[in-house]
Amino acid sequence: MPNETRNLPSAPVVPDSRSERPLPVLPVRDTVLFPHAVLPLTVGRESSVQLINSLGEDKTIVVIAQREARIDAPQPVDLYPIGTLATVHKVVKMPNQSLFVFAEGLERVSVLEYTQLAPFMKATVATVAESVLETNSEVEALQRNILTLFQQIVAGSPTLSDELSTVAMNIEEPGRLVDFVASSLPSLSTRDKQDVLETYDVRLRLDKINQHLAKELEVQQLRNKIQSEVQDRVQQTQREYYLREQLKAIQKELGEQDDTTRDVEDFKEKIEQSGMPEEVKKEAMKELNRLSRMSPMAADYSVTRNYLEWLVVLPWDKSSGTEVDINKAKEVLDADHYDLKKVKDRILDYLSVRSLNPKMKGPILCFAGPPGVGKTSLGKSIARALGRKFVRMSLGGMHDEAEIRGHRRTYIGAMPGQIIQGIRRAETNDPVYMLDEIDKVGRDYRGDPTAALLEALDPEQNSSFRDNYLDVTFDLSKVLFITTANQLDTIPDPLRDRMEIIDLHGYTEEDKRHITDQYLIGRQREENGLTAEQIEFTPDAVSFIIRHYTREAGVRSLERQIGTICRKQARRIVEGKTEKLVVTREVVQEMLGGIKVRVDTEIAARTKHPGVVVGLAWTPTGGDILFIEALKMKGKGEFRITGQIQEVMRESMQAAFSWVKAHADEFKIDPEVFNQYDLHIHVPAGAIPKDGPSAGVTIVTALVSLLCDKQARPRLAMTGEITLSGNVLPIGGVKEKFLAAKRAGVTDVIFPAENRQNVEEDILPNQMEGVKVHYVSSIEEVLCLALPQCPEEAKADEETREHVLADADK
C-alpha cells in the first residue's frame with residue numbers, strides 16, 4: 001500500500017500521544033474546521049460514511065480541507081498538510097443514506113504520514129503548537145479593533161446572529177478570538193480560512209484577520225449603499241408614475257393629448273392608408289386598442305408598438321406598377337450577360353404572359369450550375385429588366401427555421417423572418433427575391449429551414465404566407481422568387497418539385513473570350529483606375545490566360561487573373577512608367593508566372609502507356625476529365641481498386657472486370673492472365689471521393705488496353721454506363737462533360753447513343769467546332785473507336801501524340 005509522508009517545513013511540531021496510532025482522516029469540501037468550534041458536516045461519500053460508521057468509543061478524527069472541491073475521491077496530495085483534530089459528538093442518519101455529523105475542533109495538527117488509503121484514509125499526526133504571545137498595548141489594541149470590526153459586520157449583516165458579538169466579547173485569548181471570527185465569517189474563502197489555520201504565529205494571525213475584517217466591512221458598506229440607491233430609484237419611479245397620472249388627468253381636463261394618445265392617432269391614420277386586407281386591418285385595430293389602454297411604462301407597451309410599426313410599414317398594396325417593354329428587357333439581359341439563351345427566353349416568356357394576364361402568379365425559378373457562371377448576377381439583371389426592386393438572401397449555412405418564418409412575439413427581441421424583412425426593404429410587394437445557395441441549407445434540432453420554404457415557394461400557397469411574428473397572412477404570389485444551387489442532390493424532393501429548374505452550364509473557351517472582351521476587361525479597368533489608353537489585351541493573350549492559367553466552368557478565376565495584370569500595370573504607372581501596356585503572351589507569363597495548366601499535352605502524355613484511358617466526370621463545379629489507370633503484376637488473380645472509389649463506381653468496376661473476363665477470347669486475351677496476374681485499377685486524385693456509374697466504358701477500355709498492350713487514342717475521352725450484356729446506357733451532365741473535354745484539348749468524344757438528343761439540344765453548333773462526337777450502343781463499338789485496330793492506326797496515333805507534345809515544348 002503506498003504511503004506518503006507530508007512534513008511541515010517550519011511548523012513547531014509537538015509530539016502527541018495520539019500520533020502513535022493512526023487516526024481516521026475525514027476530507028471536507030469548501031469548509032475549514034477551527035479549534036474550539038462546532039461544525040455541522042454533511043457526509044455523503046461512501047468512504048466518509050464508512051469512516052463515521054467505523055468509529056467506536058473513541059470518536060476522535062482528523063478533519064482536513066480539500067485543495068479542490070470538485071475532486072470526488074481525494075488522495076493525500078489533494079489535501080492540505082494542516083488540519084484539525086476533532087471529536088464527533090452526534091451522528092444523524094438522513095433519508096438519502098448520507099450522515100449529518102456534529103464535530104468539535106480540538107487543536108491544530110500536522111499530518112506526518114498517511115498509513116491507509118482505503119476504504120478511508122488514516123494518518124499519524126502531531127499537534128502544532130501556537131507561539132506564546134506577550135500581552136502588550138499593541139496586541140490589546142489589535143484585539144479590540146478586531147472585536148469592534150466584527151461587531152459592526154454582525155450588526156450590518158442580515159444573515160449573522162447578534163449572539164456572535166456576545167460570544168466574541170467573552171473570549172480573552174487572542175488566538176481563540178481569531179479562530180472564532182474566521183470560522184464565523186461566511187464571506188471568507190476556504191483558501192483564506194486554511195491560510196489562517198496554517199498561521200502558527202498568533203500576532204501574524206491577528207494582522208491577517210484584521211485585514212479580512214476591514215475588507216469585509218468596506219464591501220458590506222458599499223453593498224448597503226447600492227441597496228439604498230436602488231430603493232431611492234424605485235421610490236422615484238413610483239413618484240414619477242403618480243405625477244404622470246396626475247398630468248394625464250390635467251391634460252384630459254384641458255382637452256390636450258399626451259404622447260400615447262398621439263401615437264394611437266398616428267397609427268390609426270397609417271392603418272387606414274396602408275391598404276392592408278380587412279382581416280389584417282381588424283387585427284391591427286385590436287392591437288391598437290390594447291396599446292391605447294396601456295401605460296408607456298408597461299412591459300408589453302414597446303412589444304405591441306413594434307408589432308404595429310411592422311404592420312403599417314409593409315407594402316400591402318404597393319407594387320412596381322410599371323409596364324415592361326419586352327424589347328427593352330431583352331436588351332438589358334443581353335447587355336449584362338453573354339449567351340444563357342434558355343434563361344433569357346424563360347424571363348421574356350414570363351413578361352409576355354404577364355402583359356396578357358396581369359394577375360398571374362410569379363414563377364419559382366431555380367438556376368442550377370457550377371460556380372462563376374453568373375447565377376447571382378443574373379438575378380440582378382432580371383430585376384433591372386423587369387423594372388423591379390432586387391432583394392437577395394443567402395441561405396448558405398442557415399440552420400434555424402425561425403430565420404424564414406420569424407419568432408413569435410412572446411420571445412424577447414422577436415422579429416419577422418428574413419422573407420418579410422426583405423419585402424419591407426424592397427418597399428413593394430412584387431420584388432425579384434433571390435434565395436442564394438438553396439442547396440447548402442442545414443438542418444438541426446432548431447428545425448429545417450427547407451420545410452419552412454415549402455409554403456413560401458409554392459405558388460398555390462404563398463398567397464397566404466403566415467409569418468410567426470406577424471401572425472397574419474401576407475400575399476407573396478406577386479414576388480418573383482429565384483433560387484440558385486450548385487447541385488440539386490441536397491435539395492429535398494418536395495422543395496425541388498416546387499421549382500422550375502433551369503440549368504446554367506459552364507462556358508466554352510470561345511464563350512469566355514466573348515465574356516472577357518465584353519465585360520471582364522472593362523470592369524477590371526474601371527476597378528483598378530485604368531483606361532483603354534493605358535492597357536490593352538490582345539485576343540491571343542486572352543486565349544492564353546483562359547487555356548493555361550484557369551481551369552473552371554465559370555469565369556471567376558479568369559477575372560482574378562485579368563485583375564492581377566491590371567493591378568501590376570497600375571503600379572507601373574504610379575512608379576512613372578506611363579507608356580501603354582499591350583498584354584501579349586510574354587507579358588502574361590512575366591506577370592502571372594509560368595504556365596499553370598497544360599491542357600493540350602496532359603492527355604497525350606499520360607495515355608502513352610497501355611491501360612490509361614480518359615473518362616469524363618460531372619462535379620458541382622462543372623465537368624472535368626478523369627483518368628482511369630490499369631496495371632497488371634504477378635500474383636494470384638486478385639482485383640484491386642484504389643482512389644477513394646465509392647460504392648456505385650466500385651460496382652461498375654466489378655461489372656467491367658466481369659465483362660472483360662467473359663469476352664477475353666474475342667480480344668485474344670490469354671485466360672490464364674486472370675489466374676497468374678493481379679489486376680489493379682486506380683483513379684488518380686485519390687483525396688477526392690468519386691462515385692457514379694458513368695465511368696463503366698472507360699474502365700472496360702482501360703482493362704482491354706492493358707491486357708491487349710494497346711495505347712488508347714491520344715485525344716479521345718468517353719463516358720457511359722455499361723451492363724453485363726455489353727450495352728452502353730445513357731448518363732447525365734452531358735454538356736458539362738462535353739465542355740470539360742473541349743477545355744482539355746479532346747478532339748473525339750464518345751457518348752451513349754441515347755444521349756444524342758441531349759447533345760443536340762444543349763450544345764450549340766459553334767461549341768461543337770473542333771470536337772467530333774461518336775454515339776455508341778455497345779462496348780464493342782467503344783473499343784473500336786478507342787483502341788487502334790491495325791498497326792497503321794497505332795502508328796498514326798503515335799505521330800499525333802508526338803506532334804502534340806512537340807508543339808508544347810516549343
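The values are calculated or read from the model by the stated rules, or taken from the named source; none is laboratory data. Quick caveat, the model's predicted, so the values are computed rather than measured. Positions of Cβ are backbone-derived with ideal geometry, glycine not excepted, and every protein chain shown enters the neighbour counts. Just the protein is used for accessible areas: all its heavy atoms, side chains included, with ligands, DNA and RNA removed. Shrake-Rupley method; radii C 1.70, N 1.55, O 1.52, S 1.80 Å.
Given the alpha-carbon gyration tensor of segment 25-91, what are the semi-axes of its equivalent ellipsoid in whole angstrom, ordered largest first, with each equal to the square root of 5 times an eigenvalue?
Over the Cα atoms of segment 25-91, the ellipsoid semi-axes are 18, 14, 11 Å.
Under 12 Å between alpha carbons, and skipping anything fewer than 8 positions from Lys661 in its own chain: which aspartates and glutamates qualify?
Asp670, Glu672
Take the eigenvalues of the Cα gyration tensor for segment 681-776, scale each by 5, and report the square roots as semi-axes in whole Å, largest first.
They are 22, 16, 15 Å, listed from largest to smallest.
Just need log10 I(q)/I(0) for segment 498-568 at q = 0.11, 0.29 Å⁻¹, Debye formula, equal scatterers on the alpha-carbon atoms, no solvent, rounded to two decimals.
-0.29, -1.47
DSSP loop (so not H, G, I, E, B), at most 12 other Cβ within 10 Å: list which GluC sites (Glu not before Pro) in segment 97-136 pass both filters.
Glu134
Using the Karplus curve 6.51 cos²θ - 1.76 cosθ + 1.60 with θ = phi - 60°, what ³J(HN,Hα) values do you get for each residue of segment 32-42, in whole Hz, with x for Gly and Pro?
For segment 32-42, the Karplus curve yields 9, 8, 9, x, 6, 10, 9, 10, x, 10, 9 Hz.
Distance cut-off 31 Å, Cα to Cα: go down the list Lys710/Lys737; Lys636/Lys742; Lys440/Lys690 and report the pairs above it.
Pairs exceeding the cut-off: Lys636/Lys742.
Could you give the radius of gyration (one decimal) and Dmax (whole number) of the Cα atoms in segment 635-675, in Å?
11.7, 32
Could you tell me which label, among [x] 28.1; [y] 30.5; [z] 36.3, carries the value of Kirkwood radius over Cα pairs in Å calculated for this structure?
[z]
At what distance in angstrom do the alpha carbon centres of segment 290-345 and segment 116-175 lie from each other?
Here the two parts' Cα centres lie 74 Å apart.
Do any of Lys93/Lys122; Lys341/Lys389; Lys341/Lys608 go past 31 Å between their Cα atoms, and which?
Table pairs above 31 Å Cα-Cα are Lys341/Lys608.
Scan around Asp430 for amide H atoms under 5 Å from its own, H built in the peptide plane at 1.01 Å from N, and keep only partners 5 or more places away or cross-chain.
HN-HN under 5 Å from Asp430: Ser320.
How would segment 137-236 be classified by its alpha-carbon gyration tensor: rounded, prolate or oblate, with rounded meaning a/c under 1.5 and the a/b versus b/c comparison settling the rest?
Note, shape of segment 137-236 comes out prolate.
In square nanometres, what is the average projected area of the Cα convex hull of segment 219-378?
Answer in nm², one decimal: 19.4.
Using a 1.4 Å probe on the protein chains only, how many percent of the accessible area of segment 280-371 belongs to carbon and sulfur?
Taking all protein chains in place, segment 280-371 shows 51 percent carbon and sulfur surface.
Could you put Glu437, Glu526 in order of accessible surface area, largest first, with the 1.4 Å probe and the full protein assembly present?
Working: Glu437 55, Glu526 150 Å².
Largest to smallest exposure gives the sequence Glu526, Glu437.
Quote the FRET efficiency, to the nearest 0.05, computed for Met633 versus Asp493 with a Förster distance R0 of 56 Å and r equal to the Cβ-Cβ distance.
Approximately 0.75, to the nearest 0.05.
If I ignore ligands, DNA and RNA and count only protein heavy atoms, how much of Asp207 is accessible to a 1.4 Å probe, in Å² to the nearest 10?
For Asp207, the solvent-accessible surface is approximately 50 Å².
Using alpha carbon centroids, what distance separates segment 185-218 and segment 542-575, in Å?
What the calculation gives is 73 Å, centre to centre.
Could you tell me which GluC sites (Glu not before Pro) in segment 596-662 are loop residues by DSSP with no more than 13 other beta carbons within 10 angstrom of their beta carbon? If you can, show how the numbers build up before the last one.
Details: sites: Glu602, Glu629, Glu638, Glu647, Glu651; in loops: Glu638.
Passing both the DSSP loop test and the Cβ count: Glu638.
With viscosity set to 1.567 mPa s at 4 °C, what whole-number translational diffusion coefficient in µm²/s follows for segment 106-158 from Stokes-Einstein and a Kirkwood radius over Cα pairs? Don't skip to the end; give the middle numbers.
Values: Rh = 15.1 Å.
The calculation lands on 86 µm²/s.
Any chance you could check the Cα centroid distance between segment 383-434 and segment 636-667 for me, in angstrom?
52 Å
Based on the Cα coordinates of segment 448-545, what is the per residue volume of their convex hull in Å³?
Taking only Cα atoms, segment 448-545 has a hull volume of 188 Å³ per residue.
Compactness ratio of segment 67-197: Cα Rg over 2.2 N^0.38 Å, N = residue count?
Relative to the rule-of-thumb radius for its length, segment 67-197 sits at 1.27.
Just for the Cα atoms in segment 358-409, what are the lengths along the principal axes, largest first, rounded to whole Å?
If we take the Cα atoms of segment 358-409, the spans are 38, 34, 16 Å.
What is the pair-distance distribution P(r) of segment 475-618, computed from all Cα-Cα distances in 10 Å bins starting at 0, with each bin given as a whole percent?
9, 30, 24, 20, 14, 4, 0
For every helix of n ≥ 4 consecutive DSSP H residues, a contribution of -39,500 (n - 2.57) applies; sum these over the chain, divide by its total residues, and give [θ] at 222 nm rounded to the nearest 500 deg cm²/dmol.
-13500 deg cm²/dmol
Heavy-atom accessible area of Leu631 with all protein chains present, probe 1.4 Å, nearest 10 Å²?
Rounded to the nearest 10, that gives 100 Å².
Give the shape of segment 148-204 as rounded, prolate or oblate, defined through the alpha-carbon gyration tensor: a ≥ b ≥ c are the square roots of its eigenvalues, a/c under 1.5 means rounded, and otherwise the shape is prolate if a/b is larger than b/c and oblate if not.
oblate
Looking at segment 705-810, which GluC sites (Glu not before Pro) are in a loop (DSSP not H, G, I, E or B) and have at most 15 other Cβ atoms within 10 Å?
Answer by residue number: Glu769.
Given all pairs of different Cα atoms, what value in angstroms does the Kirkwood hydrodynamic radius of segment 207-250 take?
Value: 13.0 Å, from the Cα pair sum.
Helix 326-336 against the longest principal axis of the chain: what's the angle in degrees, Cα atoms only, rounded to the nearest 10?
Orientation of helix 326-336: about 70 degrees from the principal axis.
Ordering Asp439, Asp670 by how much accessible area each has at a 1.4 Å probe, largest first, what is the list?
Accessible-area ranking of Asp439, Asp670, largest first: Asp670, Asp439.
Sorted by average packing, counted as other Cβ atoms within 10 angstrom per residue and highest first, what order do 393-401, 288-296 take?
393-401, 288-296
Per 0.36 nm of contour for each residue apart, how much would the distance between Lys361 and Arg408 grow if the chain were fully extended, relative to their Cα-Cα spacing?
On the way: separation 47, 0.36 × 47 = 16.92 nm, distance 2.87 nm.
Difference between extended and current length: 14.1 nm.
Please compute the length gained on full extension between Asp232 and Ala299, using 0.36 nm multiplied by the number of residues separating them and subtracting their Cα-Cα distance.
Net length gain for the segment: 22.0 nm.
Could you work out the pair-distance distribution P(r) of segment 589-747 from its alpha-carbon pairs, with 10 angstrom bin width and percents rounded to whole numbers?
Distribution as computed: 11, 39, 35, 12, 3, 1 percent.
Per residue Cα convex hull volume for segment 283-364, in cubic angstrom? Show your work: numbers first, answer last.
Details: hull volume 13.2 nm³, N = 82.
Cα-based convex hull of segment 283-364, divided per residue, equals 161 Å³.
Full extension from Tyr242 to Glu793: what is 0.36 nm times the residue separation minus their Cα-Cα distance, to one decimal in nm?
Result: 187.8 nm gained on full extension.
Among the DSSP beta bridges whose two residues both lie in the chain, what percent are antiparallel, rounded to the nearest 5? Don't jump to the answer; show the numbers that get you there.
Numbers: 54 of 93 bridges.
Of all bridge pairs located within the chain, approximately 60 percent are antiparallel.
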